[in-house]
1. Counting only GluC sites (Glu not before Pro) that are in a DSSP loop and have at most 13 other C-beta atoms within 10 Å, tell me the longest site-free stretch of the chain.
2. Using just the helices of the chain, give the 222 nm mean residue ellipticity in deg cm²/dmol: DSSP H runs with n ≥ 4 each add -39,500 (n - 2.57), and the total is spread over all residues, rounded to 500.
3. Rounding to the nearest 10 and keeping the result within 0 to 90°, find how far the Cα-based axis of helix 94-104 lies from the longest principal axis of the chain.
4. Between THR76 and LYS52, what FRET efficiency follows from the Cβ-Cβ distance if R0 is 35 Å, with the result rounded to 0.05?
5. Quick one: helix 33-44 against the long Cα principal axis of the chain, what's the angle to the nearest 10°, folded into 0 to 90?
6. Give me ILE45, ILE83, ILE143 sorted ascending by neighbouring Cβ count inside 10 Å, so fewest comes first.
7. Between VAL44 and SER103, what is 0.36 nm times their sequence separation minus the Cα-Cα distance? Round to one decimal in nm.
8. How far is helix 110-130 tilted off the main Cα axis of the chain, in degrees rounded to 10, range 0 to 90?
Amino acid sequence: MPQFEILPKPVQQAIKILDGISIFSGKLFSWLVFPMAAALVYEVIARYGFNKPTIWAEDISFILYGAYFMLGAAYTLQRGMHIRTDFLYRNWSIRTRGLVDSSLYLFVFFPAMIAFLLVGWEYAYTSILMNESYPTSPWMPLIWPLKLAIPVSTLLLILQGVSEFLKSFYTLKTGVALIEDGVIET
């Protein structure tokens, strides 16, 4: 965990807890890749080895990939792996990066994520109440668990966004960028 000499203890703890939630959830949800891969391998063997394609394997892999992709977003944000226009960003000073990052979190990220959370929750809640199935599949598996992943992943992104905002605001104020294994100063 980074060294935060200047940050108040409660802020340090908040960052540590929020990053910990993202790391834990990312590692937990990464296990979804195994049943997804197993379904894909089964389908390839059944289809091409025995000329007996299945209906369920494609549906399962589709659902698991969607959940895997969405639920891993907060972990990806915590690790700094989301897309950024690096050809601009890398040429800015540390404080400018902190200003741009904290401003974008405050005025773009949080409003968009809150709207997405509200809409996603309504979408998932309706799906749960209807016990909604995947309508384009003859197998018709339940689709509401995938739709529930939308507000869950959005909530995880908001929590990690709070941590990232605190770090970028710290960078703006101090000119020190916090990274996973320590502190970089410029």
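Each reported figure results from applying straightforward, stated rules to the coordinates on display, with no laboratory input. Being a predicted model, the structure only gives us computed values, none of them experimental. A quick note on method: Cβ atoms are made from the backbone with ideal geometry, for glycine too, and the neighbour counts reach across all protein chains shown.
1. On the way: sites that count: GLU5, GLU180.
The segment 6-179 is the longest one with no such site.
2. Working: 8 runs with 122 residues, N = 186.
After summing the helix terms and dividing by the residues of the chain, the value is -21500 deg cm²/dmol.
3. 50 degrees
4. Details: r = 37 Å, r/R0 = 1.06.
The pair THR76/LYS52 has a calculated efficiency of 0.40.
5. Once rounded, one gets 30 degrees.
6. On the way: ILE45 12, ILE83 6, ILE143 21.
Starting with the residue having the fewest Cβ neighbours, the order is ILE83, ILE45, ILE143.
7. On the way: separation 59, 0.36 × 59 = 21.24 nm, distance 4.76 nm.
Fully extending the segment from VAL44 to SER103 adds 16.5 nm.
8. Helix 110-130 sits roughly 20 degrees off the main axis of the chain.
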